[in-house]
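Below: the structure, in structure tokens.
The values are calculated or read from the model by the stated rules, or taken from the named source; none is laboratory data. Owing to the predicted nature of the structure, the values given are computational and were not obtained by experimental measurement. Backbone-built Cβ (ideal geometry, glycine too); neighbour counts: all protein chains shown.
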Amino acid sequence: MTRLANKDWMAENCQLACGTCTAPPAPLLPVTSTASSAFPTQGGFFQTTTVSSGPTTTVTIPPSSLTAVSSCERVKDSIAQASELMSISRLINPVEDNFGRNMLSIDDITRSVPTGCVPQLSDVGVDCRKSLCYHLMYRTLDGTCNNLDKPMQGAAFRRFNRHFPAQYDDGRGEPISSLNKSRPSARHYLIYYTSSKFQFNNMMMQWGQFMSHDMSKTTLQPSANCKTCDPVPSKCMPIPIGEKDPNLGFKSKQCLKVSRSAPICRVEPREQLNENTAYIDGSMIYGSSLKDLHKFRDGRTGFLRVTRFNNQNVLPFDQSKCANKDKCTASFTAGDIRANLFIGLSSLHIMFAREHNRIAQKLTELNPTWSGDRVFQEARKIVGAQIQNVLYKEYLPKLLGVSFDKVIGPYKGYDTNVDATIANEFTTSAFRFGHGMIEEFYKRVDLSGNNITHGGFFFGDGVFKSGKILFEGGVDPIIRGFMTTAVKRPHRMTPAITEKMFGSTDLGSLNIQRGRDHGIPSYNKMRQFCGLKFATTFDDFGDMILDRNLRAGLARNYNTTNDVDFYVGSMLEDPVIGGLVGTTLSCAIGEQFKRARDGDRFYYENPGIFTRSQVEEIKKSSLSRIICDNADNFELVSQDAFLLPGSNLTPCNKISEMDLTKWRAL
């Protein structure tokens with residue numbers, strides 16, 4: 001019997017949101033559910049009554065003769081109660097109807113790169129109403145229909161936004177300083193500050209990278225196409241190496257070969273593609289395309305794929321490429337291919353894959369009748385909310401210090417007029433500040449705080465080295481090492497990334513060159529954007545760059561104040577009080593994260609996305625709790641995973657945890 005002839009299969013899988021089949025029979029009598037002032041009642045089919053336990057919302061279930069999409073439209077009219085209403089009225093549909101919709105995958109983009117440009121995700125077939133019952137409860141993987149009125153905002157495989165028009169030497173696409181030579185070689189950047197230590201630990205660096213990969217990924221052209229030190233139009237923009245360069249290895253090569261980001265087809269001036277969604281949604285875990293999901297999800301179950309290896313659950317990998325620790329070239333499979341860049345990053349990916357599966361297992365036990373699709377979507381939704389809570393309540397206040405309240409501030413609700421799309425200035429320059437936090441050496445410690453047998457590792461030895469996790473004690477010693485080592489101030493890069501990164505690349509110079517590749521405005525213009533004085537002399541930078549020697553260095557290397565690269569100038573600023581970055585970076589970073597929160601309908605504090613009781617549980621989550629729940633053997637932890645513990649370690653059983661029984665079906 002085919003699936004089309006199987007009425008039982010159809011009853012379970014028919015796309016209710018299409019409006020072509022009716023919702024399951026619903027009770028005709030009003031159903032009362034608890035509400036609170038955090039979820040205000042609205043018009044439509046709601047009435048409010050008062051009982052001894054407090055205010056309640058009486059919900060009249062739409063008659064079963066209505067199509068599901070019509071019923072969901074009535075829920076949409078009272079969206080602040082959407083989570084309760086969808087559950088009560090049995091309208092929840094965990095499968096999106098993608099029929100007729102154009103979708104892209106990472107493989108599609110990769111295949112397009114050799115043509116010289118990459119396509120954008122088309123809005124053809126994007127009809128949020130068709131799958132409204134799905135969209136009210138769950139995110140799409142590619143970010144479409146987050147904003148139900150503007151469905152392409154924040155979606156993956158779309159161009160970055162800009163605060164200023166792209167700045168190219170020819171006005172169309174030639175990199176800044178490639179034709180008129182108005183700026184020094186990117187290799188001559190000036191980051192003189194010595195590093196200093198804070199009460200914050202190295203998890204600040206690692207979480208920042210994890211978040212960066214949630215929000216953006218730029219499509220690059222193959223570096224193999226750049227074979228010489230001559231520029232190749234639209235493809236290669238090498239960084240020349242001067243005769244006085246102290247790195248003899250670089251000097252012998254005469255240049256650092258840099259491939260340009262792939263341009264979007266038929267767009268001028270040149271623009272770049274974001275392969276990820278703009279939202280804080282865990283896309284580095286789940287990917288940003290339904291066409292890619294099969295690589296990460298375990299079939300139609302509620303779980304993510306994991307591999308059991310050496311008594312630990314890790315991300316999937318090709319075991320034939322990992323015979324032993326000395327011959328291990330395997331790469332982990334994750335929602336973002338960059339998961340293998342550094343074993344600290346891989347460790348967080350593994351932790352959150354385990355967290356998804358831990359939650360999925362609990363939801364399955366609480367709701368044995370739920371389908372695998374329902375379990376998967378609910379677990380994904382919870383994990384995304386946990387990430388948001390850690391980001392906005394733990395990480396960003398430390399990064400931005402006293403600037404946090406000004407540039408982000410308290411949550412005031414979802415705003416349909418806010419576009420969360422990632423700004424090119426943010427992803428290409430501002431949020432690359434974290435490269436300056438990378439250390440030369442990382443320790444790995446055991447339960448007692450002592451170095452493990454295998455010892456620590458130099459940064460370069462942790463790049464693309466999955467074997468160090470698989471054969472040298474797993475993720476626990478790496479995470480402990482991060483949590484017990486003070487973070488490095490980001491204003492000066494270590495030789496590990498300026499002289500040795502991937503063997504032949506200076507990451508600092510690459511950051512500057514990438515800004516020129518993308519037409520990023522100058523430091524002076526970004527100062528203006530942030531409300532600072534437009535500098536006409538280099539001493540005018542003194543309000544944010546206090547060291548006169550640094551200002552003098554800028555004057556020696558740049559012709560005018562308008563030529564200073566945004567990345568260079570912003571990294572030289574003194575940090576704000578209580579934070580790690582300066583005023584201009586605080587502004588550019590905070591502005592993006594505020595839009596990513598306020599323009600996200602699925603931000604967890606937005607009424608209707610979760611029930612009131614579920615929101616209270618999510619607020620209990622923390623990175624320390626996630627580590628305790630998913631590490632192989634963690635007994636003591638800092639209550640705040642981003643602070644050095646000192647002598648104040650807390651037993652894991654004393655760290656607040658979420659009560660997942662709040663997700664038991666009504």
**Criterion violated by Ile422 - all others in (1) within 28 Å of Pro269 (Cα to Cα); (2) among the hydrophobic types (A, V, I, L, M, F, W, C); (3) in contact with a Pro (Cβ under 6 Å, 6 or more places away or on another chain) satisfied** = (3)
**Item:** Only listed residue being in contact with a Ser or Thr (Cβ under 6 Å, 6 or more places away or on another chain), touching a residue at least 12 places away in the same chain (Cβ under 8 Å), surrounded by fewer than 18 Cβ atoms within 10 Å (Cβ to Cβ) and part of a helix (DSSP H, G or I), chosen from Asn562, Asn524
**Value:** Asn562
**Prompt:** Do we find that Ser621 is in contact (Cβ under 8 Å) with a residue 40 or more places away in the chain, within 30 Å of Ala80 (Cα to Cα) and polar (S, T, N, Q) in this structure?
**Reply:** yes
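Quick check on my filter: what residues within the stretch 532-554 are farther than 28 Å from Gly171 by Cβ and either crowded, with 17+ Cβ neighbours inside 10 Å or in contact (Cβ under 8 Å) with a residue 12 or more places away in the chain (or both)?
Asp539, Met544, Ile545, Leu546, Asp547, Asn549, Leu550, Arg551, Ala552, Gly553
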**Prompt:** When you go through (1) among the hydrophobic types (A, V, I, L, M, F, W, C); (2) over 24 Å from the mean Cα position of the chain (by Cα); (3) part of a loop (DSSP other than H, G, I, E, B) one by one for Val581, which number turns out not to apply?
**Reply:** (2)
**Message:** Any residue at all in the stretch 435-458 that's out of contact with any strand residue (DSSP E or B) (no Cβ under 8 Å at 6 or more places or on another chain) and surrounded by 20 or more Cβ atoms within 10 Å (Cβ to Cβ)?
**Reply:** yes
**Lone qualifier among Gln513, Gln614 - being within 25 Å of Asp640 (Cβ to Cβ) and in a helix (DSSP H, G or I)** = Gln614
**Message:** Within the stretch 165-176, does at least one residue satisfy the condition of being closer than 21 Å to Asn276 by Cβ and in contact with a Leu (Cβ under 9 Å, 6 or more places away or on another chain)?
**Reply:** no
**Asked** So which helices (runs of 4 or more DSSP H) stay within the stretch 380-430 end to end and still have 1 or more residues that are under 15 Å from the mean Cα position of the chain (by Cα), at pLDDT 95 or above and among the β-branched types (Val, Ile, Thr)?
**Response** 424-428
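Among what's in the stretch 612-646 and is among the basic types (Lys, Arg) and closer than 29 Å to Ile79 by Cβ, pick the residue that is surrounded by the most Cβ atoms within 10 Å (Cβ to Cβ).
This residue is Arg612.
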**Message:** β-branched (Val, Ile, Thr), under 26 Å from the mean Cα position of the chain (by Cα) and closer than 25 Å to Val383 by Cα: which single residue out of Ile106, Ile88 fits that description?
**Reply:** Ile106
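Identify all residues within the stretch 260-273 that are part of a strand (DSSP E or B) and in contact with a strand residue (DSSP E or B) (Cβ under 6 Å, 6 or more places away or on another chain); write none if there are none.
Of everything in the stretch 260-273, those that are part of a strand (DSSP E or B) and in contact with a strand residue (DSSP E or B) (Cβ under 6 Å, 6 or more places away or on another chain) turn out to be Ser261, Ile264, Gln272, Leu273.
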**Request:** Say whether the condition of being assigned to a strand (DSSP E or B), surrounded by fewer than 22 Cβ atoms within 10 Å (Cβ to Cβ) and modelled with pLDDT of 95 or more is met by at least one residue in the stretch 276-290.
**Result:** no
**Request:** For Met493, state whether it is under 20 Å from Trp207 (Cβ atoms), surrounded by 20 or more Cβ atoms within 10 Å (Cβ to Cβ) and at pLDDT 95 or above.
**Result:** no
**Complete:** Considering residues that are among the aromatic types (Phe, Trp, Tyr) and modelled with pLDDT of 85 or more, the number found within the stretch 245-275 is 0
**Message:** Just the residues that are among the aliphatic types (A, V, I, L, M) and farther than 19 Å from Met215 by Cα, please, taken from the stretch 393-440.
**Reply:** Val402, Met437, Ile438
**Complete:** Within the stretch 110-137, the count of residues that are surrounded by 20 or more Cβ atoms within 10 Å (Cβ to Cβ) and either among the acidic types (Asp, Glu) or in a helix (DSSP H, G or I) (or both) comes to 4
**Asked** If only one of Phe431, Phe457, Phe426 is within 18 Å of Asp476 (Cα to Cα) and of a type outside the set (Ser, Thr, Tyr), which one is it?
**Response** Phe457
**Message:** For the stretch 390-414, give me each residue that is within 21 Å of Arg612 (Cβ to Cβ) and surrounded by fewer than 21 Cβ atoms within 10 Å (Cβ to Cβ).
**Reply:** Lys393, Pro410, Tyr411, Lys412, Gly413
**Item:** Only listed residue being in contact with a Leu (Cβ under 9 Å, 6 or more places away or on another chain) and either within 30 Å of Asp629 (Cβ to Cβ) or surrounded by fewer than 23 Cβ atoms within 10 Å (Cβ to Cβ) (or both), chosen from Phe464, Phe529
**Value:** Phe464
**Item:** Residue list for the stretch 637-649, filter: without any contact (Cβ under 8 Å) to a residue 24 or more places away in the chain and within 25 Å of Gln312 (Cβ to Cβ)
**Value:** Leu649
**Residue match in the stretch 647-666 (condition: of a type in the set (Val, Ile, Thr), in a helix (DSSP H, G or I) and surrounded by 21 or more Cβ atoms within 10 Å (Cβ to Cβ))** = no
**Message:** Please count how many residues of the stretch 534-551 are within 19 Å of Val581 (Cβ to Cβ) and not hydrophobic (A, V, I, L, M, F, W, C).
**Reply:** 4
**Request:** Check the stretch 527-544 and report whether any residue there is farther than 27 Å from Ile438 by Cα, among the polar types (S, T, N, Q) and not in a loop (DSSP other than H, G, I, E, B).
**Result:** yes
**Request:** Give the number of residues within the stretch 282-333 that are closer than 24 Å to Ala155 by Cα and either touching a His at 6+ places or on another chain (Cβ under 7 Å) or among the aliphatic types (A, V, I, L, M) (or both).
**Result:** 5
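If I filter the stretch 214-233 down to residues being among the hydroxyl-bearing types (Ser, Thr, Tyr) and at pLDDT below 95, which single residue comes out as nearest to Pro119 (Cα to Cα)?
Step by step, filter the stretch 214-233, then rank; the result is Ser223.
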**Asked** Restricted to the stretch 243-275, and to residues that are surrounded by 17 or more Cβ atoms within 10 Å (Cβ to Cβ) and basic (Lys, Arg), which residue is farthest from Ile512 (Cα to Cα)?
**Response** Arg270
